[in-house]
1. For segment 225-251, name all the residues that are closer than 21 Å to F297 by Cα and under 19 Å from the mean Cα position of the chain (by Cα).
2. Residues to consider are G315, G243, G228, G289; find the one that is among the small types (G, A, S) and modelled with pLDDT of 95 or more.
3. For A22, all conditions in the list (1) part of a loop (DSSP other than H, G, I, E, B); (2) of a type in the set (A, V, I, L, M, F, W, C); (3) in contact (Cβ under 8 Å) with a residue 24 or more places away in the chain hold save one; what is the number of the exception?
4. Test each condition in (1) under 12 Å from P79 (Cβ atoms); (2) crowded, with 22+ Cβ neighbours inside 10 Å for A144 and report the one that comes out false.
5. Only one of these is over 23 Å from T56 (Cβ atoms), outside any helix (DSSP H, G or I) and in contact with a strand residue (DSSP E or B) (Cβ under 9 Å, 6 or more places away or on another chain): H223, H252. Name it.
6. May I ask you to say which residue of G191, G202 is at pLDDT below 95 and over 26 Å from A254 (Cα atoms)?
7. Cβ-Cβ under 7 Å, sequence separation 6+ or interchain: first residue in segment 145-157 and modelled with pLDDT under 95, partner surrounded by fewer than 24 Cβ atoms within 10 Å (Cβ to Cβ). Which pairs?
8. Suppose the filter is aromatic (F, W, Y) and part of a helix (DSSP H, G or I); does Y81 pass it?
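The values are calculated or read from the model by the stated rules, or taken from the named source; none is laboratory data. In this text, all values refer to a predicted model and were calculated from it rather than measured experimentally. Cβ: placed from backbone, ideal geometry, glycine included. Neighbour counts: every protein chain shown.
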Amino acid sequence: MSGGEIVISLDFELLWGVRDHATRDSYGANILGGRAAIAPTLERFARHGIQATWATVGAAFCGSREELLEVLPHKDLWPRYQNPALSNYRYLDELGADEAHDPYYFGASLVDQIADCPGQEIATHTMSHYYCLEPGADMASFAADLDAACQVAKQRSITLQSIVFPRNQYSPLHLDTIEQRGIRRYRGNPGAWAYRSVAGAGQTLPRRLMRLIDAHTGVLGPHLFRPGGNNVPASHFLRPRAGRLTALHPYHLAVIERAMTRAAQTETGFHLWWHPHNFGLDTEANLAGLDRIIAHFTRLREEYGMVSRTMATSGERQ
């Protein structure tokens, strides 16, 4: 594979991805802004030949409350987390009738928009934004949740080939379960200790601080990978330009660019990821950051032959 590859994945969640700690009132503007950012993101991808994987929460595939309730697992197989707030099944009574009345939870029209854009893969982010390693989670409820996600995708003629585990939590047993359902690729974590797959209680201040430092300095390395395996590990999270760290954002983009260059030079892979709602505020500035990354990829494509790949097509030759 000449010139290395860049893989882009987006965790498309709507409010399902943050409901355990946020509401329409506290985070709704980010969700609506993230929806609005999808069209210009896709336009950029199409214009520059960028492939991307959109790991979508199964519930967000739905266009209405009625459609969602029809595909959910039986209540006996809903997760019983020790922290009940983690279960998105407990928020079903909040749902509006359909996407027009509740764009915070339903995203069927956006799934169609993504599917219609060339080079885009729609993957799964589980049905309910399932947390595999949280106390109270078990393999039976995970399998039922994943089966529901596969069913709702099939109803839209989508065959799931890749998965992004919510909050990057998984174990070998979860990998066996996805393989049994024909899902062959997953986004693993970078190898450094600060990125290891742990439950929420394990996300200690030193881990979070080290990831923050790494994002703006690259001190832990470029986090590259050899394409072609089932694991398509993350390299860097594209942090939004926001808040007190706004002044440091150019340094963060420079870390990403250096890692991309290293991947092109060493014929390895670089995997960048984010959430659409990360672009929900200060959207134009965040899209400008994406433009900078795309422009850098274009230079690497011209100079080294770097290619853009989805998770499903990672490792494929042209």
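1. F225, P227, V232, P233, A234, S235, H236, F237, L238, R239, P240, R241
2. On the way: G315 fails: modelled with pLDDT of 95 or more; G243 fails: modelled with pLDDT of 95 or more; G228 fails: modelled with pLDDT of 95 or more.
Going through G315, G243, G228, G289 in turn, the sole match is G289.
3. (3)
4. Failed condition: (2).
5. On the way: H252 fails: outside any helix (DSSP H, G or I).
Of H223, H252, the one residue that is over 23 Å from T56 (Cβ atoms), outside any helix (DSSP H, G or I) and in contact with a strand residue (DSSP E or B) (Cβ under 9 Å, 6 or more places away or on another chain) is H223.
6. Numbers: G191 fails: over 26 Å from A254 (Cα atoms).
Going through G191, G202 in turn, just one is at pLDDT below 95 and over 26 Å from A254 (Cα atoms): G202.
7. Pairs found: R156/V111.
8. Details: aromatic (F, W, Y): yes; part of a helix (DSSP H, G or I): no.
Judged against the criteria, Y81 is not a match.
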